[in-house]
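Visitor: My questions will all concern the structure given below.
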Amino acid sequence: MAATATTPGAPTSRLGKAATEFDDRLIVAGPVRRTLNKVFPDHWSFLLGEIALYAFLIALLSGTYLTFFFDASMVEVEYEGEYDPLRGTEMSAAYASALDLSFDVRGGLFMRQMHHWAALLFVAAIVVHLVRIFFTGAFRRPRESNWLIGVVMLVLSLLMGVTGYTLPDDLLSGTGLRIISAILLSIPVIGTWAHFAVFNGDFVGTEIIGRFYIAHVLIFPAILLALIAVHLLILVKQKHTQFPGPGRTEHNVVGNRLFPTFAGKATGLLLVVFGVIAGLAGLVQINPIWLWGPYNPAQVSAASQPDWYIGFLDGSTRIFPAWDINLPGDYTIPALFWPTVVVAGAMFTVLALYPMIERKLTGDTASHHLLQRPRDVPVRTSLGMMALTFYFWLMVAGGNDVIADKFDISLNAMTWVGRIGVIVLPPIVYVITYRICLGLQQHDREVLEHGIETGIIRRLPSGEFIEVHQPLGPVDEHGHGQLAYGGAPVPKKMNQVGGARRAIRGFFTPIEQPSAVELEQQGEGRGLSAAEGSRELTSSGRPSDGGRPSDGGRPQDTRD
Amino acid sequence: MSTTNPHSDALPADAGTPGDRARARRRSKQRRRVANVAGLMASLVLTGALYSVFAPAQAADDTTTESAAEAAGRELYENSCITCHGSNLEGEPNRGPSLIGVGEAAVYFQVHTGRMPLVRQEADAPDKPAVFSDQEIDQLMAYIQANGGGPTLPSGNLRDGDLAQGGELFRLNCASCHNFVGEGGALSSGKAAPSLADSNDLEIYTAMLSGPENMPVFGDNQLTPEEKRSIINYIQTIQQQADPGGAGVGRIGPVAEGLVIWVVGVGVLMFGIFWMGSKA
């Protein structure tokens with residue numbers, strides 16, 4: 001050892017040496033160091049997409065377990081399993097194996113429920129993530145491509161959901177399949193052939209479960225995985241957006257390094273997502289296929305609904321008038337075509353193209369890495385709220401029979417609530433959102449100009465009552481603040497600028513010694529009552545020195 | 001029917017003076033009249049007597065004697081039902097249907113589930129706590145059955161049927177309105193198929209038999225008594241069955257599940273990321 005000269009800084013530990021050997025061969029130290037040092041912004045809303053990622057991961061793993069036992073075959077069998085009320089019933093092998101999964105496979109029901117809850121959460125998290133991206137303008141140049149990939153992934157996740165919903169071949173899923181078949185048939189010109197291509201003949205045929213199975217477990221997940229990889233790589237390459245704030249510019253990213261802080265948080269979130277899904281899977285029953293019964297085209301149940309993410313299309317179908325267009329020569333465009341193919345097509349096209357549309361309308365082609373607060377872009381925010389209202393109202397209409405039944409409302413009334421609401425509510429929401437955005441903007445500027453309302457009312461020697469305002473920065477001779485709005489949240493309560501002194505840290509329980517913090521606070525001299533008497537009252541009642549609000553002549557200690 | 005001819009001995013054959021003849025004619029007219037009346041009376045009595053011999057004994061009871069239960073039922077009917085169903089069960093236009101032929105099965109279902117007496121006219125009659133006691137329902141059933149006739153109550157074990165077949169029949173005949181698991185569902189114009197959760201066997205059976213409100217009648221030639229018992233067996237088995245997957249969330253499928261994932265799933269996770277991430 002002593003004889004051989006070692007490079008300065010060479011590792012001496014066993015692990016270090018092993019890592020050196022490893023790096024000598026693969027030369028990964030540079031990229032790994034860069035990756036581990038990558039900085040992620042810390043805002044909570046940046047974790048929404050991660051929830052979707054983890055939900056997808058859990059769906060992938062639980063789904064793999066299900067494939068060990070599921071038999072995607074439409075061969076008629078007689079059920080001889082554990083569930084008594086169906087024993088002896090004729091059903092497809094797919095349904096029988098799904099029943100066996102639920103009752104005869106160890107842990108099978110739990111895994112099925114976990115898979116289904118994870119799928120519902122996956123789409124929900126995608127939607128929430130998309131809403132965040134939209135309202136903060138994170139889709140703007142240079143991130144249009146990632147927005148587009150995101151929309152494609154959303155559509156793929158819906159297709160995943162639809163095919164997965166169909167697989168168990170129970171009465172509910174078969175009803176959904178019948179609707180899919182009808183939607184395909186409703187497409188003008190190519191409808192019949194499209195249907196033949198998908199079903200290999202008439203409804204229901206003998207192929208469809210097997211085909212949907214391959215689409216569900218191989219084709220869609222493979223595309224999704226590839227797109228997720230591209231989505232994340234683009235994200236890493238383009239770096240995160242961030243909210244404007246102190247020290248944050250268009251050219252930096254302020255946050256935590258991947259290792260250890262962000263990695264720790266991400267692992268924690270993965271476990272939280274897993275915990276929520278596993279908790280739901282163990283505690284709340286989802287899709288009890290044994291209650292639905294085997295699919296039989298002659299049967300249909302009241303309250304047959306798709307999973308929530310297809311609810312908007314069910315709703316649009318429910319409220320659309322029965323306007324068949326009969327063309328000469330025995331051609332018909334069925335009414336079903338409009339609320340399904342056209343509405344869904346239009347919605348997703350507009351969604352996918354929104355970045356381009358906005359770029360065109362605003363003429364803003366610059367690159368943006370700082371996010372916008374929704375209030376600062378009232379038109380986009382209002383458009384978004386309008387679209388969400390439209391979507392939400394269609395979803396409500398999709399459950400209109402359940403609502404009618406549970407709340408004792410006429411189903412006909414619910415249908416008209418859906419029809420009128422879907423037209424009237426979005427514009428109303430637009431106007432309200434726009435006004436709220438302007439109001440919030442105005443209030444931000446008002447606080448920047450006049451300061452925070454302290455809630456302290458003073459009576460001047462002249463008899464006039466004023467409320468003392470705390471300016472946020474230097475003021476001019478009229479007492480008006482000179483800070484410009486920077487796109488970041490403006491503190492509006494004295495607590496946020498230390499009026500109630502520093503808060504004791506800790507989310508659930510204090511992680512600091514309250515008594516120590518109190519001592520520190522007293523030494524700091526922050527807050528309203530600090531340095532009383534060292535300031536003069538100006539004629540306007542506002543402090544002239546840009547410091548703390550004055551005590552108006554007499555110390556009236558309202559705090560502590 | 002008639003055995004006597006009133007004219008056979010009423011014809012005077014003697015002749016005499018015209019006055020005699022006239023008197024005799026008057027007298028014979030008088031006699032003829034009396035004889036006619038007597039003969040009519042006799043034939044009516046005989047008809048009645050013969051009818052009472054040959055006619056069904058029940059029908060005779062109908063008007064003459066009424067059992068105590070029927071009498072009590074009549075009193076209940078006249079107090080609570082007569083306004084809409086009429087004094088002879090014939091029904092009243094725009095108020096209530098005729099009860100002739102509905103039988104005690106309909107009475108049992110309507111009164112035992114509290115649908116009748118109706119509180120007000122609306123889209124359909126909601127069930128509510130029964131107004132009449134079991135004994136009063138028996139009396140009403142006796143009265144309606146005696147005066148209108150119709151399907152009667154079944155007897156024996158009403159769950160005595162094949163479970164799997166019951167399920168198949170339930171999905172084919174009942175699920176389109178009452179939902180897969182009998183949760184009920186909305187119909188048009190404020191009408192609804194009720195939940196079967198609190199229904200007893202006899203209520204389900206009599207509902208199939210009588211077809212209340214919007215429900216079709218499932219007579220014994222559509223669903224045999226054995227098939228009805230199978231269906232009841234399936235409904236009650238499903239109702240009593242625990243949910244192996246956890247909380248059933250109403251067993252109404254995707255609508256409730258969607259609500260759970262948004263409120264519970266997304267709700268909890270939002271709290272989680274609020275905890276983990278920074279707020280500004």
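Quick note: the coordinates plus some simple rules give every number you see, no bench work behind them. These numbers were taken from a predicted model, which means no experiment stands behind them. A quick note on method: Cβ atoms are made from the backbone with ideal geometry, for glycine too, and the neighbour counts reach across all protein chains shown.
Visitor: Hey, any idea what the orientation-averaged projected area of the convex hull of the stretch B:163-242's Cα atoms comes to, in nm²?
Guide: Over all viewing directions, the stretch B:163-242 projects a mean Cα-hull area of 4.9 nm².
Visitor: Note the angle between two axes, namely the Cα long axis of helix A:171-186 and the longest principal axis of the Cα atoms of chain A, as a number of degrees from 0 to 90, rounded to the nearest 10.
Guide: It works out to around 90 degrees.
Visitor: Another one. Starting from the amide H of A:HIS43, placed 1.01 Å from N in the peptide plane, find each other amide H under 5 Å away whose residue is 5 or more places distant or on another chain.
Guide: B:SER278
Visitor: If we count other beta carbons within 10 Å of each Cβ, what is the order of A:ARG106, A:ARG132, fewest first?
Guide: Fewest-to-most ranking of A:ARG106, A:ARG132: A:ARG106, A:ARG132.
Visitor: When the expected Rg is taken as 2.2 N^0.38 Å, what fraction or multiple of it is the alpha-carbon Rg of the stretch A:376-435?
Guide: For the stretch A:376-435, the normalised Cα radius of gyration is 1.29.
Visitor: Under the Karplus relation 6.51 cos²θ - 1.76 cosθ + 1.60, θ = phi - 60°, what is the ordered set of whole-Hz ³J(HN,Hα) values for the stretch A:318-334, x standing for Gly and Pro?
Guide: 3J(HN,Hα) across the stretch A:318-334, in whole Hz: 5, 9, 6, x, 7, 9, 6, 9, 9, 9, x, x, 6, 9, 9, 9, x.
Visitor: On to the next question. Kirkwood hydrodynamic radius (Cα pairs, Å) of chain A?
Guide: Taking every pair of different Cα atoms in chain A, averaging 1/r and inverting gives 28.8 Å.
Visitor: Residue by residue through the stretch A:109-118, which ³J(HN,Hα) values in whole Hz follow from phi under the Karplus form 6.51 cos²θ - 1.76 cosθ + 1.60 (θ = phi - 60°), with glycine and proline marked x?
Guide: Working through the residues one at a time gives 5, 4, 5, 4, 5, 5, 4, 6, 5, 4 Hz.
Visitor: In whole Å, what are the Cα extents of chain B along the three principal axes, biggest one first?
Guide: 140, 42, 31
Visitor: In deg cm²/dmol and to the nearest 500, what is the mean residue ellipticity at 222 nm of chain A if only DSSP H runs of at least 4 residues count, each as -39500 (n - 2.57), divided by the residue total?
Guide: -17000 deg cm²/dmol
Visitor: Relative contact order for chain A using alpha-carbon pairs under 8 Å, separation at least 6, rounded to a whole percent?
Guide: 14
Visitor: At 1.306 mPa s and 10 °C, plugging the Kirkwood radius over alpha-carbon pairs of the stretch B:60-216 into Stokes-Einstein gives what diffusion coefficient in µm²/s?
Guide: On the way: Rh = 16.6 Å.
Approximately 96 µm²/s, per Stokes-Einstein.
Visitor: With axes computed from alpha carbons, what is the tilt in degrees of helix A:263-283 against the longest principal axis of chain A, rounded to the nearest 10 within 0 to 90?
Guide: 50
Visitor: Using only the alpha carbons, work out the radius of gyration and Dmax of the stretch B:68-148 in angstrom.
Guide: When restricted to the Cα atoms of the stretch B:68-148, Rg and Dmax are 11.5, 36 Å.
Visitor: R0 = 35 Å: FRET efficiency of A:VAL254 with A:ILE423, Cβ-based, nearest 0.05? Can you show the working numbers first?
Guide: On the way: r = 45 Å, r/R0 = 1.27.
Calculated transfer efficiency: 0.20.
Visitor: Exposure proxy check: B:SER176, A:SER157 ranked by fewest other beta carbons within 10 Å?
Guide: Arranged by neighbour count, lowest to highest, B:SER176, A:SER157 become B:SER176, A:SER157.
Visitor: Kindly put A:ASP84, B:ASP162, A:ASP42 in sequence by how many other C-beta atoms sit within 10 Å of each C-beta, fewest to most.
Guide: Values: A:ASP84 13, B:ASP162 16, A:ASP42 19.
Final ranking by Cβ density, sparse to dense: A:ASP84, B:ASP162, A:ASP42.
Visitor: Right, another one. With a ≥ b ≥ c the root eigenvalues of the C-alpha gyration tensor of the stretch A:3-141, is it rounded (a/c under 1.5), prolate (a/b larger than b/c) or oblate? Numbers along the way, then the final one.
Guide: Values: a/c = 4.30, a/b = 1.82, b/c = 2.36.
It is oblate, given that a/c is not under 1.5 and a/b is not larger than b/c.
Visitor: Mind giving me the FRET efficiency for A:GLU78 and A:ILE234? R0 is 60 Å, r the Cβ-Cβ distance, nearest 0.05 is fine.
Guide: 0.70
Visitor: Could you work out the mean count of beta carbons from other protein chains within 10 Å of each residue's beta carbon in B:187-196?
Guide: Values: counts 7, 5, 4, 7, 3, 8, 2, 1, 1, 0.
Average per residue, whole number: 4.
Visitor: ³J(HN,Hα) across the stretch A:499-509 via Karplus (A = 6.51, B = -1.76, C = 1.60, θ = phi - 60°), whole Hz, x for Gly/Pro?
Guide: Couplings: x, 9, 6, 5, 6, 7, 6, x, 7, 9, 10 Hz.
Visitor: Then there is this: Give the residue list of chymotrypsin sites (Phe, Trp or Tyr not before Pro) in the stretch A:235-341 that are DSSP loop and have at most 15 other beta-carbon atoms within 10 angstrom.
Guide: For chymotrypsin sites (Phe, Trp or Tyr not before Pro) across the stretch A:235-341 that sit outside H, G, I, E and B with at most 15 neighbouring Cβ atoms in 10 Å, the list reads A:TRP323.
Visitor: Separate question: Quick one: Debye curve from the alpha-carbon atoms of the stretch B:129-280 only, equal weights, vacuum; give me log10 I(q)/I(0) at q = 0.18 Å⁻¹ to two decimals.
Guide: These q points yield log10 I(q)/I(0) values of -1.16.
Visitor: Given the rule -39500 (n - 2.57) for each run of at least 4 DSSP H residues, summed and divided by the residues of chain B, what is its mean residue ellipticity at 222 nm, to the nearest 500 deg cm²/dmol? Walk me through the numbers on the way to the answer.
Guide: Details: 12 runs with 144 residues, N = 280.
Mean residue ellipticity, 222 nm, calculated: -16000 deg cm²/dmol.
Visitor: Provide the gained length on full extension for the span A:PHE508 to A:THR206, in nm with one decimal, where the gain is 0.36 nm per separating residue minus the Cα-Cα distance.
Guide: Length gained, A:PHE508 through A:THR206: 103.1 nm.
Visitor: Further, regarding this structure: Using the Cα centre of chain B as the reference point, and only Cβ charges (+1 on K/R, -1 on D/E), how large is the resulting charge dipole? Debye, rounded to the nearest 20. Provide the component values of the computation, followed by the final result.
Guide: On the way: 21 positive and 31 negative charges, 381 e Å.
That gives a dipole near 1840 debye.
Visitor: On average, how much area does the Cα convex hull of the stretch A:406-536 cover when viewed from any direction, in nm²? Don't skip to the end; give the middle numbers.
Guide: On the way: hull surface 63.5 nm².
Computing the convex hull of the Cα atoms and averaging its projections yields 15.9 nm².
Visitor: I want to check the label-to-label distance for B:GLN121 and B:LEU40. Put each point 7 Å from Cα in the C-beta direction and report it in nm to one decimal.
Guide: 4.6
Visitor: Name the long-range amide H neighbours of A:ARG257: under 5 Å, sequence gap of 5 or more, or other chain; modelled H, no Pro or chain starts.
Guide: Amide H neighbours of A:ARG257: A:PHE40, A:PHE262.
Visitor: Sticking with this one: Expected output is a single nm value to one decimal: the length gained when fully extending between A:ILE223 and A:THR349, i.e. 0.36 nm times separation in residues minus the C-alpha distance. What is it?
Guide: Stretched fully, the A:ILE223-A:THR349 segment lengthens by 43.4 nm.
Visitor: For a test of the definition: using alpha carbon positions, the gyration tensor, and the 1.5 limit on a/c, classify the stretch A:41-89 as rounded, prolate or oblate.
Guide: Here the stretch A:41-89 falls in the prolate category.
Visitor: Something else about it: What angle do you read, to the nearest 10 degrees and between 0 and 90, between the alpha-carbon axis of helix B:163-173 and the longest principal axis of chain B?
Guide: Once rounded, one gets 80 degrees.
Visitor: Separate question: Near the amide H of B:ALA192, under 5 Å away, which other amide H atoms are found, from residues 5 or more places off or on another chain, if H is placed in the peptide plane?
Guide: B:LEU187
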